[in-house]
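We did not get these values from a lab; they are worked out from the coordinates using the rules stated. Worth saying up front: this structure is predicted, and the values here are computed from it rather than measured. Note that we place each Cβ from the backbone using ideal geometry, even for glycine, and neighbour counts take in every protein chain shown.
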Amino acid sequence: MIDWINLAANSLWILGCALALATVSYTSWQASLYKEKLRTRLGRPGVQRSLSAAGVLFCAGLAATSDTKLQMALWIILGLLFVLQLAFSFRHRTEPTGGQD
């Protein structure tokens, strides 16, 4: 029998990893296209939002699959920090000029 709760929890952290990989890959392509450094592109608010969302998904998945309460608490705390970072990135929406995002 399939454990649907465990499947959903593991899907969260896998989705978070996939989102982070896709974000870094696309950002790397954009940086090479516009002849910029990857670090410059990774600092953009849109990219930061995507990476923060990936962090939230990753932490939520690992918190849901944790064995002990301490592990779960630590993953939740880290996830909340990603949520704060995500909220701050939405608060400061100014995008730098040059290139497309």
How much length would be gained if the chain were fully extended between residue 67 and residue 91, taking 0.36 nm per residue of separation minus their Cα-Cα distance, in nm to one decimal? 5.1 nm
GNM result for the chain, Cα springs below 10 Å: residue of 85, 30, 48 fluctuating most strongly: 30
From the C-alpha coordinates alone, can you work out the Kirkwood hydrodynamic radius of region 42-91, in Å? 11.0 Å
Output the 0 to 90 degree angle, nearest 10, between the alpha-carbon long axis of helix 69-91 and the longest principal axis computed from the alpha carbons of the chain. 30 degrees
Of all C-alpha pairs within region 18-62, those more than 12 angstrom apart amount in percent to 59 percent
Count neighbours as other Cβ atoms within 10 Å of each site's Cβ, and list the trypsin sites (Lys or Arg not before Pro) in region 29-96 that are DSSP loop with at most 14 such neighbours. 35, 37, 93
As a test of the formula, what do you get for the chain when each DSSP H run with n ≥ 4 contributes -39,500 (n - 2.57) and the sum is divided by the residue count, at 222 nm and rounded to the nearest 500 deg cm²/dmol? -26500 deg cm²/dmol
Determine, for 76, 2, the number of other Cβ atoms within 10 Å of each Cβ, and report the residues in order from fewest to most. 2, 76
Express the relative contact order of region 1-84 as a whole percentage, based on alpha carbon pairs under 8 Å and six or more residues apart in sequence. 35 percent
Relative to 2.2 N^0.38 Å, what does the C-alpha radius of gyration of the chain come to as a ratio? Two decimals please. 1.26
